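The values are calculated or read from the model by the stated rules, or taken from the named source; none is laboratory data. Quick caveat, the model's predicted, so the values are computed rather than measured. So basically every Cβ, Gly included, is an ideal-geometry build from the backbone, and we count neighbours across all protein chains shown. Side chains are part of the model used for accessible areas, which takes the heavy atoms of the whole protein and leaves out ligands, DNA and RNA. Shrake-Rupley method; radii C 1.70, N 1.55, O 1.52, S 1.80 Å.
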Amino acid sequence: MPREAAEEECQKSIMPFRANFLLLWAAIVWPGEFVLSETGLPVKSKGEIEFYFDSASFRAAQGQVLQEFYYQIPFEQLEFRPAGAGFEAEFKTGVTLSDSAGQVLLRDEWTQPLAAAQREEIAGRSLPNQFELTLSPGRYFISLAVSDSHSGKQGIAESWFRARAIPENGLALSDLQAASSIAVDTSQSKFSKNGLKVVPHASAEFSPSQPLFYFYFEIYNLAPADSYEVHYSMKNAHGEVLRSLPAKMARAQASSSVEVGGIHAANLPDSIAFLAIAVRGRRAGERAAIEKAFRIRASAAAWREHLPDIELEQMTEAEFKLHLEQAQYLLSDDDKSMLKALEVGAQKSFVGRLWRQLDPQPETPANEFREEYYKRVRYAEEKFSSGFSPGWKSDRGRIAIKFGAPNEVERYPAKTTARPYEVWTYYREGRKQFIFADIEGFGKYVLIYSSDERELTRPDWKMIIDAR
């Protein structure tokens, strides 16, 4: 049978399985190439405690597989009792692992306490959890039981899974991990991987409250100094492309690499969908592909409430890039790191939600906070722009954007014994003071002292001004 016909027959045999969700397959990512890998949706527990359970395969040493397992426990499923000034709960996790012949390989259990300062902290919160096992490639059966120490309620999730063999030679990929957030990690928590904190999203269910599909995967056996392409697309159960991201180009710095990103699940119908990823090494010409199933749960009306506003939607990519740069003073380092991994549509959604969260009067059409913020940006542009940089990028511009125009400005011109400098004083929300100096003598004032702990404080600022 010709190769094309064989692939067509293979497609036909797979589609009924995919449509019925009995077995989910990754398929046809590159023209003329057909790659199969077993994957599926997270398992939902049975019993009085409901939770989701998922897993992913990564490469370990000596041909072994590092199998990670993810589960998340809703706080409101547990019984919190008064304790001290707050509330406490406790649950026990029990794991039983068997091989394909039914032989028990592992039994383990552990207990975990939880605390909440107020009752209001319990509703709507979930605790992400993760553990890992190093296994030989193969098929296994796992049972995960979660029981509440106070109420005795229990939930059990059981599933067959495959610890997927990852070749030692030729381009290869780990499984895709769905995540609720990804950020640079300095804490070395249980979610730490390759310098990142990857918090699992065990249900792989996306809705207005969790609209961004963050993902993590690893690339193995890259050729030294080879560049590679990564292609992303969302597909429905019939293999039709719903949404795609621009291809990413990168150069291999080592034999393995880490890829993270995010894609917005908004405006897609309630369904089961698939994130398909394909990687090609440009020099060696090798190809590999993986896929992850996830659920979309929301009505179109609910999604619209969480989409970026019309102004953001109508911005060109260049206009939005400037908008995002000017909004940087509102972002944490984790936010900035996360935004870099997102495609433009997801970035707009992130920023849109940020503006809505900061809106002091959400019941009105205007966003007063955003209007005031960009009024300050325009003020910084008018007052502090120079040949060195736009006004909003300067130190004086940044302070004016963050704190508004100062209540008092003292200007000290250059002297033979001192450089020119300015002292800004604010009396709103407590007295704050900022000192800027033209150190190089070209009109570029830089911050050398601040009484605000979030900004630069130089105890030797008087010595910096001293020109002797």
How far, in nm, would the chain grow between Tyr329 and Glu79 when pulled straight, counting 0.36 nm per residue and subtracting the alpha carbon separation?
-> 85.9 nm
Just from the alpha-carbon atoms, what are the Rg and Dmax of the chain in angstroms?
-> 27.0, 91
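Gain in length, Arg119 to Trp160, computed as 0.36 nm per residue apart minus the alpha-carbon separation, to one decimal in nm? Kindly include the intermediate steps, with their values, before the conclusion.
On the way: separation 41, 0.36 × 41 = 14.76 nm, distance 3.74 nm.
Length difference between fully extended and current span is 11.0 nm.
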About the Cα centre, charge dipole magnitude for region 419-468 (Lys/Arg +1, Asp/Glu -1 at Cβ), debye = 100 debye
Shape box of region 321-377 [Cα atoms, principal axes, largest first, Å] | 32, 22, 17
Whole-percent carbon and sulfur contribution to the accessible surface of region 310-468 (1.4 Å, no ligands, DNA or RNA) stands at 50 percent
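Past 24 Å, Cα to Cα: identify those pairs from Lys197/Lys321; Lys375/Lys432; Lys44/Lys193; Lys292/Lys336; Lys235/Lys321, in the order given. Let's see the in-between values first.
Values: Lys197/Lys321 26 Å; Lys375/Lys432 21 Å; Lys44/Lys193 26 Å; Lys292/Lys336 26 Å; Lys235/Lys321 28 Å.
Going by Cα-Cα distance, Lys197/Lys321; Lys44/Lys193; Lys292/Lys336; Lys235/Lys321 fall outside the 24 Å limit.
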Based on the inverse mean of 1/r over its pairs of different Cα atoms, what is the Kirkwood hydrodynamic radius of region 38-95, in Å?
-> 14.3 Å
Values of log10 I(q)/I(0), in the order q = 0.09, 0.12, 0.18, 0.19 Å⁻¹, for region 320-468 under a Debye, Cα-only, solvent-free model = -0.35, -0.60, -1.14, -1.22
Quick one: accessible area per residue over region 46-140, 1.4 Å probe, rounded to a whole number of Å²?
-> 52 Å²
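Just the number please: accessible area per residue for region 383-440, 1.4 Å probe, all protein chains included, in Å².
Spelled out: the 1.4 Å probe surface of region 383-440, per residue, equals 53 Å².
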Set of aspartates and glutamates near Lys46 by C-alpha distance (under 15 Å), chain-local residues within fewer than 8 positions excluded | Asp54, Asp148, Glu158
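Can you give the extra length, in nm with one decimal, that the chain gains between Phe369 and Lys340 once fully stretched, where that is 0.36 nm per residue apart less the Cα-Cα distance? It would help to have the intermediate numbers written out before the result.
Working: separation 29, 0.36 × 29 = 10.44 nm, distance 2.45 nm.
Result for the pair: 8.0 nm of gain on full extension.
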Per-residue [θ]222 nm for the chain (sum of -39500 (n - 2.57) over DSSP H runs n ≥ 4, rounded to 500) | -6000 deg cm²/dmol
Per residue, how much accessible area does region 163-260 have with a 1.4 Å probe, in Å²?
-> 40 Å²
Of all accessible heavy-atom area on region 45-158, the percent that carbon and sulfur account for (1.4 Å) = 44 percent
Counting sequence-distant residues (5 or more places) and residues on other chains, those with an amide H built under 5 Å from that of Glu286 are Gly281
When you have a sec, figure out the Kirkwood radius of region 427-468 from all distinct Cα pair distances and drop it here in Å to one decimal?
-> 11.2 Å
Roll a 1.4 angstrom probe over the protein heavy atoms and tell me the percent of accessible area of region 202-285 that is carbon or sulfur.
-> 48 percent
Once both labels are modelled 7 Å past Cα along the beta-carbon direction, what's the Ser98-Ile439 spacing in nm?
-> 6.9 nm
Using a/c under 1.5 as the rounded threshold, could you call region 88-207 rounded, prolate or oblate? The axes a ≥ b ≥ c are square roots of the C-alpha gyration tensor eigenvalues, and prolate needs a/b larger than b/c, oblate otherwise.
-> oblate
Set Lys and Arg Cβ to +1 and Asp and Glu Cβ to -1, take the dipole of the chain about its Cα centre, and tell me which of Phe69, Phe442, Phe350 lies farthest positive.
-> Phe442
Name the lysines eligible as straight-distance cross-link partners of Lys415: C-alpha to C-alpha under 18 Å, and not fewer than 8 places from it in the same chain.
-> Lys444, Lys462
Got a sec to turn the phi values of region 445-458 into Karplus ³J(HN,Hα) couplings, 6.51 cos²θ - 1.76 cosθ + 1.60 with θ = phi - 60°, whole Hz, x for Gly and Pro?
-> 8, 10, 6, 10, 7, 8, 8, 8, 5, 7, 10, 4, 10, 10
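Tell me whether region 384-468 comes out rounded, prolate or oblate; compute the Cα gyration tensor, take square roots of the eigenvalues as a ≥ b ≥ c, and use a/c under 1.5 as the rounded threshold.
Working: a/c = 1.81, a/b = 1.26, b/c = 1.44.
Oblate, because a/c is 1.5 or more while a/b does not exceed b/c.
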With only Lys, Arg, Asp and Glu charged, each at its Cβ (+1 for the first two, -1 for the last two), find how big the charge dipole of the chain is about the Cα centre; round to the nearest 20 debye.
-> 900 debye
